[in-house]
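The structure appears right after this line, and notes come after that.
The values are calculated or read from the model by the stated rules, or taken from the named source; none is laboratory data. These numbers were taken from a predicted model, which means no experiment stands behind them. Using ideal geometry, Cβ is built from the backbone for each residue, glycine included, and neighbour counts are taken over all protein chains shown.
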Amino acid sequence: MANGKRKIKLNKQVFSILKGLIVYVLIALAALVFFNQISGGPNDSAKNEVPISQIISDVKDKKLTKISVEGDKITAEVNGSDQKLSSHKEEGESIYKILESSGVDPKSVTIEIKDLSMQQAWIGILSAVLPILILVGLMFFLFRNAKNGAQGIFSFAQSRAKLFTKDAPQIKFTDVAGAEEAKRELSEVVEFLKTPDKFKALGARIPKGVLMVGPAGTGKTLLSRAVAGEAGVPFFSIAGSEFMEMLVGVGAARVRDMFAQAKKASPAIIFVDEIESIGRQRGMGFSGGHDEREQTLNQILVEMDGFTQTDHVIVLAATNRPDLLDAALIRPGRFDRRVVLNMPDLEDRKAIIELHMKGKPFTKDVSIEKLARRTVGFSGADLANILNEAAILAAREGKTAIDNKDLEEAATKEKLGPQRKRMQSEQDRNLAAYHEAGHAVVGHNLSKVDPVHRISIVARGTSGGHTMFPPTEDRSNESKSRLLEQITAALGGQAAEDLIFKDISTGAASDIEVATNIARAMVTQYGMSSLGPISVTPRSMFGIWRGADEGSDMSPKMHDAVDVEIKKIIDSCYKNAQDILRKHKTKLDKVAKSLLEKETLEGDEFESIVGKKKSS
């Protein structure tokens, strides 16, 4: 709303400047037209210009009917024609004397003398005054622009926070599905804003700040809006990056202005999204201790410490990188509470799906339970986008209701990207079929790998095909045996290529990357190797990964040991994948052949070929 008012004000200033500029241009054009008119036009003097001797000669020959004299300019009308001749006489000379001295009777032609004394007086006045007026107008225009420009520079220090008042559409906790624990924590913040006296009576201090931590898409911004909607207070929203400008000190000035506005509107909420962009640990910059970002952070620290018990302003901040935040910012007294939002579990996903299904028609066989179990690891934003994409797909195909096929395609598109319809050679199709069949057959024969959900050789995103093993349940931990089986399944594609074609392709690059990352984490973070339960992750003291050229916390000897352990894990898993495929080569061929015919196999179709998966 504040931004809207600022835009209207700016538009008015621009319109005023343009209006003034147009006025000055019109004045200049009017002056040019006036001078053009009084001078008879640029071409009049040059039109039929003759020497005065010819005028005298034509008068003798009675070719002229009338002579008009304006100052030193002579205009003669030719007898029996509309043609006019023009000439000039000496200044101060009389036309009568000129004719008489040439032996011509002045009475033989009509002579008209025009008095130019008044016209010349006006020309003199205008020629003296008009340039001054134009100069004064131009100076006024330039000074006014300079003033507006100076105001524009000072406006850099104004807060860019968007203000949502009580009149704006309100979001309530009922509009936020899932995240019940976070809503319970934040409901107390609503009580603090609504009934602060109840807490003061018991000596309780209203929290100054609440830090919301969670992965992207888990609803941090939405919950902040819901807190403001429930409390019915003004809501100032700004991203951390909006404080920063090229001018030094602008970020700190904007922080001061934002907190001043919030205090005037109290009780109020300030929401700072992506606070890690300005709240990073100090001393990590490359421009010393006085760079613009650190000045902005220092001002936030001062403002949050400067809150009094009567301010009734609560700062909500969101981040998905709490490890980067400065310790002085997240300590009690500034951010007194930390609300953690995780990826939604099964019940939360059901609630989110049900909320976003409202207003959309679905076929009777669509199951919320099935879709929720299908989307383990999806965030709330992912689920909302899946339902929207499914509606778009159904509308594109002219359906009257969304069905399971639309939902499945939308979920796959969300994770892997849209289909890429392109012509593939028979060799590429063969390679892709055996590669994906290798993943599926290996994973099917590993007890701790989730069941195969879908296999496809249809290209999506950057991949030429995919085999999906979506989790069947929410897990908070992973076992060593399960991680080893995930590596084995990831290497099944290349193992199948090697077994069938006696050659390998570049299509396994992403599989190798996934397998290597899991193996490295097992060795360096989880203590799942012969090195024992030690952490040898090469991190700097600020929690930032360092490259090989920046040094490491590990000794060269430990580096070598880590590399040996990673290779040992990869080699063991790759050999296991090869053994499984050799044992089940007939099933591998059947699955690959079916993929070449149908391009996509669902989980039940796959199991009809290879049999039911044995439970662990």
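In region 458-468, what residues are in contact with an Asp or Glu (Cβ under 7 Å, 6 or more places away or on another chain) and either among the charged types (D, E, K, R) or modelled with pLDDT of 90 or more (or both)? Matches in region 458-468: THR467 only. For region 213-239, taking the residues that are hydrophobic (A, V, I, L, M, F, W, C) and under 22 Å from the mean Cα position of the chain (by Cα), the one that is farthest from HIS312 (Cα to Cα) is identified as ALA216. Among the residues of region 93-102, those that are part of a loop (DSSP other than H, G, I, E, B) and out of contact with any helix residue (DSSP H, G or I) (no Cβ under 8 Å at 6 or more places or on another chain) comprise GLU93, SER94.
Selection of region 469-484 for residues being at pLDDT 90 or above and either hydroxyl-bearing (Ser, Thr, Tyr) or buried (at least 23 other Cβ atoms within 10 Å of the Cβ) (or both) yields SER479, SER481. Among the residues of region 308-349, those that are of a type in the set (Val, Ile, Thr), farther than 20 Å from VAL233 by Cα and crowded, with 19+ Cβ neighbours inside 10 Å comprise THR319, ILE330, VAL339. Only residues that are farther than 12 Å from LYS360 by Cα and either assigned by TED's automatic domain parsing to the domain that holds ALA179 or crowded, with 18+ Cβ neighbours inside 10 Å (or both): list them for region 394-407, please. Across region 394-407, the qualifying residues are ASP406, LEU407.
Going by the structure shown, is GLY492 in contact with a Phe, Trp or Tyr (Cβ under 6 Å, 6 or more places away or on another chain) and touching a residue at least 12 places away in the same chain (Cβ under 8 Å)? No: the conditions fail for GLY492.
Residue-by-condition table, conditions (1) surrounded by 23 or more Cβ atoms within 10 Å (Cβ to Cβ); (2) of a type outside the set (D, E, K, R); (3) modelled with pLDDT under 70:
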site	(1), (2), (3)
LEU223	yes, yes, no
VAL227	yes, yes, no
ALA239	no, yes, no
GLU242	no, no, yes
LEU247	no, yes, yes
GLY251	yes, yes, yes
ALA260	no, yes, no
ARG280	no, no, no
GLY289	no, yes, yes
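Any residue in region 414-423 that is under 30 Å from LYS612 (Cα atoms), surrounded by 14 or more Cβ atoms within 10 Å (Cβ to Cβ) and aliphatic (A, V, I, L, M)? Yes: region 414-423 contains one or more residues that are under 30 Å from LYS612 (Cα atoms), surrounded by 14 or more Cβ atoms within 10 Å (Cβ to Cβ) and aliphatic (A, V, I, L, M). The set of residues in region 408-428 that are in contact with an Asp or Glu (Cβ under 9 Å, 6 or more places away or on another chain) and assigned to a helix (DSSP H, G or I) comprises GLU408, GLU409, ALA410, ALA411, LYS413, GLU414, LYS415. Residues in region 302-328 that are modelled with pLDDT of 80 or more and within 15 Å of ILE270 (Cα to Cα): VAL313, ILE314, VAL315, LEU316, ALA317, ALA318, THR319.
Against the definition (closer than 30 Å to ARG254 by Cα, surrounded by 20 or more Cβ atoms within 10 Å (Cβ to Cβ), of a type in the set (S, T, N, Q) and touching a helix residue (DSSP H, G or I) at 6+ places or on another chain (Cβ under 9 Å)), how does THR375 come out, yes or no? No.
For ARG475, the conditions (1) under 30 Å from GLU369 (Cα atoms); (2) in contact (Cβ under 8 Å) with a residue 12 or more places away in the chain all hold with the exception of (2). Of all residues in region 429-464, those satisfying the criterion of being in a helix (DSSP H, G or I), over 30 Å from ALA381 (Cα atoms) and not hydroxyl-bearing (Ser, Thr, Tyr) are ARG429, ASN430, LEU431, ALA432, ALA433, HIS435, ALA437, GLY438, VAL441, VAL442, HIS444.
What about VAL536, is it touching a residue at least 12 places away in the same chain (Cβ under 8 Å) and under 36 Å from the mean Cα position of the chain (by Cα)? So VAL536 does not fit the description; no.
Here ALA216 does not fit the description of being in the same structural domain as LEU324 (by TED's automatic domain parsing), of a type in the set (A, V, I, L, M, F, W, C) and at pLDDT below 80.
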